[in-house]
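Reading through the structure tokens given below for one structure.
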Amino acid sequence: MSPSTPIGGWWREFRTLDVEVALRAALAAAVPLTILVAIGRTEWAAYAAFGAMTAIFGRSEPYGTRMRTVTTAGAVQVAATGLGILLAVVHAPLGVEAAVLALLITAVIVVFNVLGVTPSGPLFAVFGLLVCAAQPVDDGTGWQRWGVAWAAAAFAWLLAMSGWVLRRAAPRRTQAVFRDLPRRTPVRARGWTDPRLWLNVVQNVAAALLAGAAALALGIGHPYWAVVSAVAVIPPARAAHTAQRAAHRVVGTLVGVVATALVLWPDPPPWVLIVVIAVCQFGAELLVGRHYGAALVFITPLALTVVHLASPVPLIDLIADRVLETVLGAAVGLLAVLAARRFVEVRPMPPPTSTMPSVGPPASDRS
């Protein structure tokens with residue numbers, strides 16, 4: 001800090017980071033996972049983790065808007081988790097699972113864009129659906145598992161809204177202590193009529209189904225990672241179609257895989273894994289708005305550690321699957337990005353309107 005920096009200047013610099021949302025996300029994940037470890041139910045970790053993802057929504061939004069955003073996101077996470085559990089319970093064939101996946105992607109993109117939920121992509125819902133569908137549920141505990149997701153989502157909702165109480169507890173110090181909440185995401189009742197939204201739906205559905213089919217055809221374990229990687233590469237509706245996100249995902253994942261190997265190789269006890277998950281969740285939320293590739297260095301160990309905690313498998317298999325399917329999924333997602341870019345060159349989209357305005361590239365693609 002330079003001599004000319006006013007007292008408190010360092011705090012204003014610090015507040016520009018997403019520390020508040022990072023802390024919320026870390027607590028939302030760590031608390032329910034700690035409870036599950038304490039009662040000996042680590043195999044239910046995935047359900048808690050996906051419910052806890054509710055806390056990452058509503059970033060920088062005033063609390064009236066945030067209530068709408070976080071409530072919608074929580075309902076989607078609980079629904080996606082419940083659908084995944086149902087698919088596992090009935091041993092649904094691949095065709096049914098693919099149809100449910102396509103319907104979920106469509107519903108999430110439309111609902112999130114109409115209600116102004118940010119991030120507006122289907123990534124977290126897709127991840128929750130497919131991982132939960134892959135967990136065997138043969139012991140009659142489907143309702144209990146879904147209850148874990150509900151409880152985690154409710155706790156995450158309370159954390160996401162907790163700043164409202166803190167700000168009113170010290171109203172005179174709000175501007176000095178807390179970060180501003182500038183984001184406005186209004187409801188766009190006719191947003192579903194914008195063709196750019198439906199182009200985004202087609203992109204995501206086609207990429208998800210193609211990536212999943214390719215992973216299954218190649219016989220790679222954990223095929224849902226290919227689907228998640230493909231969806232993660234595709235920018236949201238109205239955003240610029242950039243290929244940079246695909247490169248960030250592959251490079252960040254490779255570095256994250258090395259970090260995961262260092263963490264899991266000694267076979268640490270569950271409480272250490274919970275600490276790792278909390279730290280990775282904090283780091284991911286702190287960085288995802290600044291550089292997507294750097295955030296992936298934390299997101300990859302987070303995802304792999306949650307899966308390992310829920311259903312341990314040999315470390316080499318876990319890491320190899322993650323690398324191969326990330327590359328496969330990112331390649332499919334990149335093809336979807338390039339195809340959409342070519343499509344709008346041939347058939348230009350109508351100009352932006354107040355119903356569905358244009359937006360810039362995702363913040364994670366700006367660095």
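Worth a mention:
- Val131, sole failed condition from (1) within 14 Å of the chain's Cα centre (by Cα); (2) hydrophobic (A, V, I, L, M, F, W, C); (3) over 17 Å from Arg24 (Cβ atoms); (4) open to solvent by 30 Å² or more (accessible area, probe 1.4 Å): (4)
Each row is one residue, and each column tells you yes or no for (1) at pLDDT 85 or above; (2) touching an Asp or Glu at 6+ places or on another chain (Cβ under 9 Å); (3) of a type outside the set (Lys, Arg).
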| position | (1), (2), (3) |
| --- | --- |
| Arg173 | no, no, no |
| Asn200 | yes, no, yes |
| Ala211 | yes, yes, yes |
| Trp225 | yes, yes, yes |
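- Residue selected from the stretch 73-96 under the condition part of a helix (DSSP H, G or I) and over 20 Å from the mean Cα position of the chain (by Cα), by the criterion surrounded by the most Cβ atoms within 10 Å (Cβ to Cβ): Leu87
- Subset of the stretch 18-40 [surrounded by fewer than 18 Cβ atoms within 10 Å (Cβ to Cβ) and either touching a strand residue (DSSP E or B) at 6+ places or on another chain (Cβ under 6 Å) or assigned to a loop (DSSP other than H, G, I, E, B) (or both)]: Ile39, Gly40
- Selection over the stretch 259-278 of residues that are farther than 22 Å from Met53 by Cβ and surrounded by 15 or more Cβ atoms within 10 Å (Cβ to Cβ) gives a count of 1.
The values are calculated or read from the model by the stated rules, or taken from the named source; none is laboratory data. These numbers were taken from a predicted model, which means no experiment stands behind them. Positions of Cβ are backbone-derived with ideal geometry, glycine not excepted, and every protein chain shown enters the neighbour counts. For accessibility, only protein heavy atoms count, side chains too; no ligands or nucleic acids. Shrake-Rupley method; radii C 1.70, N 1.55, O 1.52, S 1.80 Å.
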